[in-house]
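Asks: I have a structure I would like to understand better, so I am pasting it below and will then ask my questions one at a time.
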Amino acid sequence: MRNKHLNIVRPKHILSASQFDRPFLDYFNQLTTTIRRFDKTKEGLMYLQSLLCHKRAMLYFTQPSTRTFLSFQSASQIVGMKTSEIRDTSTSSERKGETIDDSLRTFSSYVDIIIMRSPVRGLCDHIASILDQTDRPVPIINAGSGPDEHPTQALLDIYTLDRSFKNIGGIEGKTICMVGDLKRGRTVRSLSRLLTLYPGTKILFASPEAFKIEDDLRTMLRTKKVEFIETTEFKDAIASADAIYMTRIQDEYDVSGESKAVDYSNFCLKESHLKILKDHCVIMHPLPRRDELDSKIDNDPRAKYWRQERNGMWTRVALMTVLMDVDRNIMLPEL
Amino acid sequence: MRNKHLNIVRPKHILSASQFDRPFLDYFNQLTTTIRRFDKTKEGLMYLQSLLCHKRAMLYFTQPSTRTFLSFQSASQIVGMKTSEIRDTSTSSERKGETIDDSLRTFSSYVDIIIMRSPVRGLCDHIASILDQTDRPVPIINAGSGPDEHPTQALLDIYTLDRSFKNIGGIEGKTICMVGDLKRGRTVRSLSRLLTLYPGTKILFASPEAFKIEDDLRTMLRTKKVEFIETTEFKDAIASADAIYMTRIQDEYDVSGESKAVDYSNFCLKESHLKILKDHCVIMHPLPRRDELDSKIDNDPRAKYWRQERNGMWTRVALMTVLMDVDRNIMLPEL
Amino acid sequence: MRNKHLNIVRPKHILSASQFDRPFLDYFNQLTTTIRRFDKTKEGLMYLQSLLCHKRAMLYFTQPSTRTFLSFQSASQIVGMKTSEIRDTSTSSERKGETIDDSLRTFSSYVDIIIMRSPVRGLCDHIASILDQTDRPVPIINAGSGPDEHPTQALLDIYTLDRSFKNIGGIEGKTICMVGDLKRGRTVRSLSRLLTLYPGTKILFASPEAFKIEDDLRTMLRTKKVEFIETTEFKDAIASADAIYMTRIQDEYDVSGESKAVDYSNFCLKESHLKILKDHCVIMHPLPRRDELDSKIDNDPRAKYWRQERNGMWTRVALMTVLMDVDRNIMLPEL
């Protein structure tokens, strides 16, 4: 056997970052890197398209998202899948009084995989369990649901860290500094969960008092015995970090404009900070950004957020090959 | 000759259920069943894609419809056609004062087939006749136009009946019970018309007094000498039926909310009714449904509406192969 | 060497009609004609699809346009490119406070070419220069930006003229009459610029006083020593023209409904005018039209506007092959 990781437990759906274990992540990162090599030639890209050219994907995105939508759509195209999309329920049968269960069951009649982003908490899990009881239990990918989960963002973040640290010992033992609106950013929650799988990792949470992490995350990290520090001292935190994960204020979740009352100015990464960062420090951001991350930093070699974004597309390609059970054609191509 | 049905009259456009005759339906059902076999393997699906991979389809859907849209889009993808779409005239040249004739002629410049769903009665026929006078007379498929015609729904309904009755003598001589808003449901009208092509078929129309069928349908059935009964006794009707065709209230055609005044409660199929149905009874519904069809029935083996929906996609695949003249490559594949 | 034109300067982006020179146009017209021959067979169309089947195109159309959008989308499909689209910034990350620079840089992460139509003057040039500074400098095509440039419309207009005059000596020395809203029609401005590359060409500008050409165009033509006449005498102008280029009132650029005050009735081409036109006169219109061009003219053999529209798709196919550097596979196909 050329690749022991092919023995990983294969997921049926992708619903939560908590479903991944370390063997899966190790295999997944290796798979993604292998897939990216196919991008270098027309022949490689045509081989990727041949993998799932007979399949169809539905992009059900009723929560606005350009970036994640395009990333998944491009990933679908790369593996050859045809796509259809729902962006707006106002043109749909839901207007005619159909339940969401029936709508999704209808979509499952036509396609082979459903990628869902919805403002409704728990909808992906619900639909996955409904479809599992039918004769067409197509895989569901949670592409971000309301304020809770965004598992594919966590996968691309871990992949970016893994690649960035590949020559300096990997993620284990590193210090990751997360900055910003840590209270409401679901990417912070999902990434922290995956970091618990890397022994010795230390997390610095740097945020204004009003945006500190929530108790559930605190409890989870303590249970997993992950070292973490909560601080309002931005400069100290970034100076000691191996990676800085910037986030923007999630004011779309404001109840009554409370974000405006928070002074965010001390949690913005500026060009002037570059000199205090470690030489190998990795600067990340899930994007879109506002002024918390100065565009003057873009050209610094430590700025990895544009690469991180493109990694998002490739990790989603990898994820689809796993869910549709063709990843072994990449890791063990036929002779 | 291996298949006598290849001598059917080939339609140029699909505009109305009344254009089909019995030889066409028999051939068409056989073609659809043959095509579905290609769904079982990657090679089969790739063969279907190869049939029309050099063609482009336009989906012109200015009347909201998720189900029919996705069904046609998936069918187009299955035969390899690339698609483009118009969902909303507000982004179109019509805003710049272009006539609908010019808009559709423009679309015909770019594509090889146009699939139309419009709230405007008679628009498909009009556009088909306009295009027939140009040097690019591309085929038009009526995918549901206003309150009058929905020929592809009728085709998929007939196909579902034909398959369901294949071991008990076919559609001829069976009793079909249509339930609900029979006054405004265009599927009822189109399906009834096709049922006249099957001698001995009997139709039971079960509806509230306010939603009885209209005179034009009554006259048509009498002219064709089809036996039919109009009743308000729901239980008696479904108990004697070989197939039950449920429909929802079409309140989108209400002038002033008149549907609210109608008591529909006695025309809902519930789990408790299952015991009075015939063992071979076929339960159908064009979907979307509301409470006229209890979701608890979904798991009963007589419930065929989810299969019916998926049949819709495959009958549309078949229809495109006929219109684009590649169906003989399915019935008589090259050696 | 079979084709000397393969030595043309290859553009990196398509931003303005002013970037084309005569050798490029001559090569481009020949390329388009060659490509159209591939439309005659399934094999030819499959060959075109094979050229860029490993590439992805983004259609960024935030200014409403059905015709140009579909033309580019179909062209992308013809060369095998997968497409994604932005039609409406309201579903995009711009709502989350992202800059347009970041949005476009994101799109460039996922695709291989970006086709842009925006109401913002100069946006295409700006984005092209931003992307040129990154490690993914994908080509930009200006598909019409605000009131200024529409270079691909100019290319298709020149191609249509070139083909129409191919048996009577080409474009050089011909009299082209442009009619209508010459003040605000960007197609008039772009086409005039390209006509300066054909020695001896004479332009008649026939318009109401209120819609005369602007000083910048006047100055440009004088600098290039192109003969032109401005007139309000519609009949005299069209009678002496080798080609008539009709345009509609561009009232979408009205500040306060000023178009309504202009009498356009004397600048409408009617069936009754056909008898005064030259036998070889070419009637063009960028479409959509209103009543300035009577649909009764459509069947006259001199009416070329529907062909012109379809030429638009083919010239865009040609343009993509040039930008993506596969045009030599058409002009010099591998043996």
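Asks: Per residue of B:109-115, how many C-beta atoms from partner chains lie within 10 Å of its own C-beta, taken as a mean?
Replies: On the way: counts 13, 13, 3, 0, 0, 0, 0.
Whole-number average of other-chain Cβ neighbours for B:109-115 is 4.
Asks: Residue-wise, which Karplus ³J(HN,Hα) couplings in Hz belong to region C:173-181, taking 6.51 cos²θ - 1.76 cosθ + 1.60, θ = phi - 60°, and x for glycine or proline?
Replies: x, 7, 9, 10, 9, 9, 10, x, 8
Asks: So who's got an amide H within less than 5 Å of the one on B:D112, skipping anything under 5 residues away but keeping other chains? H placed 1.01 Å off N, in plane.
Replies: B:R56, B:A57, B:M58
Asks: Where q = 0.09, 0.10 Å⁻¹, what log10 of I(q)/I(0) comes from the Debye formula for the protein assembly as shown, counting one point per Cα?
Replies: Cα-only, vacuum Debye calculation for the protein assembly as shown: -1.11, -1.28.
Asks: On a 0 to 90° scale, report how tilted helix A:305-323 is relative to the longest principal axis of chain A, with both axes built from alpha carbons and the result rounded to the nearest 10.
Replies: For A:305-323 against chain A, the angle is about 30 degrees.
Asks: Against the longest alpha carbon principal axis of chain B, how many degrees, from 0 to 90 and to the nearest 10, is the axis of helix B:186-195 turned?
Replies: Between helix and principal axis, roughly 90 degrees.
Asks: Find the all-direction average of the projected area of the Cα convex hull for region C:152-309, expressing the result in square nanometres with one decimal place. If you can, show how the numbers build up before the last one.
Replies: Values: hull surface 34.5 nm².
With every direction weighted equally, the projected area is 8.6 nm².
Asks: Using the beta-carbon distance between B:R307 and C:D294 and R0 = 51 Å, what value does 1/(1 + (r/R0)^6) give for FRET efficiency, to the nearest 0.05?
Replies: Values: r = 53 Å, r/R0 = 1.03.
So the FRET efficiency works out to roughly 0.45.
Asks: Here is a follow-up. Heavy atoms only, 1.4 Å probe, whole protein assembly: order B:S190, A:S265 by accessible area, highest first. It would help to have the intermediate numbers written out before the result.
Replies: On the way: B:S190 5, A:S265 65 Å².
Descending accessible area places them as A:S265, B:S190.
Asks: Whose amide H sits under 5 Å from the amide H of C:A143, counting only residues 5 or more places off or on another chain, with H placed in the peptide plane?
Replies: It is C:M116, C:R117, by chain and number.
Asks: Can you sort B:M324, B:M116 by solvent-accessible area, 1.4 Å probe, largest first?
Replies: On the way: B:M324 30, B:M116 0 Å².
So the residues, ranked largest to smallest area, are B:M324, B:M116.
Asks: For A:K260, list the lysines whose Cα falls under 28 Å from its own Cα; do not include residues on the same chain fewer than 8 positions away.
Replies: A:K183, A:K212, A:K235, A:K270, A:K296, C:K96
Asks: Once phi is turned into ³J(HN,Hα) by the Karplus curve 6.51 cos²θ - 1.76 cosθ + 1.60 with θ = phi - 60°, what whole-Hz value does each residue of region C:141-150 show in order, with x for glycine and proline?
Replies: Rounded to whole hertz, the list is 10, 6, 9, x, 10, x, x, 9, 10, 8.
Asks: If you don't mind, another one. Can you give me the angle between helix A:100-110 and the longest principal axis of chain A, using Cα atoms only, in degrees from 0 to 90, rounded to the nearest 10?
Replies: Taking Cα atoms only, the helix is inclined about 60 degrees.
Asks: Right, next: Along region B:46-62, what does the Karplus equation 6.51 cos²θ - 1.76 cosθ + 1.60 (θ = phi - 60°) give for ³J(HN,Hα), rounded to whole Hz, x for Gly and Pro?
Replies: 5, 5, 4, 4, 6, 5, 10, 5, 9, 10, 10, 10, 9, 9, 9, 10, 8
Asks: When Cβ neighbours within 10 Å are restricted to other protein chains, what is their mean count per residue of peptide B:303-309? Display every interim value, and only then the final one.
Replies: Numbers: counts 0, 0, 0, 8, 2, 1, 5.
Across the residues of B:303-309, the mean count of other-chain Cβ atoms within 10 Å is 2.
Asks: Accessible area per residue of region C:152-309 at 1.4 Å probe, in Å²? Mind dumping the intermediate values first?
Replies: Working: 6600 Å² over 158 residues.
In whole numbers, region C:152-309 has 42 Å² accessible per residue.
Asks: Moving on to the next point. Using helices alone, I'd like the mean residue ellipticity at 222 nm for chain C: each DSSP H run of four-plus residues gives -39500 (n - 2.57), total over residue count, nearest 500. Write down the numbers at each step before the final one.
Replies: Working: 11 runs with 121 residues, N = 335.
Result for chain C, helices only: -11000 deg cm²/dmol.
Asks: For A:F228, what residues show an amide H to amide H distance below 5 Å, using hydrogens built from the backbone and excluding near sequence neighbours?
Replies: A:I203
Asks: Near A:K55, which lysines are there with a Cα under 22 Å away, not counting those fewer than 8 places off in the same chain?
Replies: Excluding near neighbours in sequence, the set is A:K12, A:K42, A:K82, B:K40, B:K42, B:K55, B:K82, C:K55, C:K82.
Asks: While we're here: Between B:E230 and B:Y253, what's the calculated FRET efficiency when r is the beta-carbon distance and R0 is 35 Å? Round to 0.05. Write down the numbers at each step before the final one.
Replies: Details: r = 20 Å, r/R0 = 0.58.
Calculated value: 0.95.
Asks: Then there's this: What's the average, rounded to a whole number, of partner chain beta-carbon atoms within 10 Å of each residue's beta-carbon in B:69-77? Don't skip to the answer; put the middle values down first.
Replies: Numbers: counts 4, 12, 3, 1, 6, 8, 1, 1, 8.
So the per-residue partner count for this stretch is 5.
The values are calculated or read from the model by the stated rules, or taken from the named source; none is laboratory data. It should be emphasised that the depicted structure is a prediction, and the values quoted were computed from it without experimental measurement. We place every Cβ from the backbone using ideal geometry, glycine too, and count neighbours over all the protein chains shown. For accessibility, only protein heavy atoms count, side chains too; no ligands or nucleic acids. Shrake-Rupley method; radii C 1.70, N 1.55, O 1.52, S 1.80 Å.
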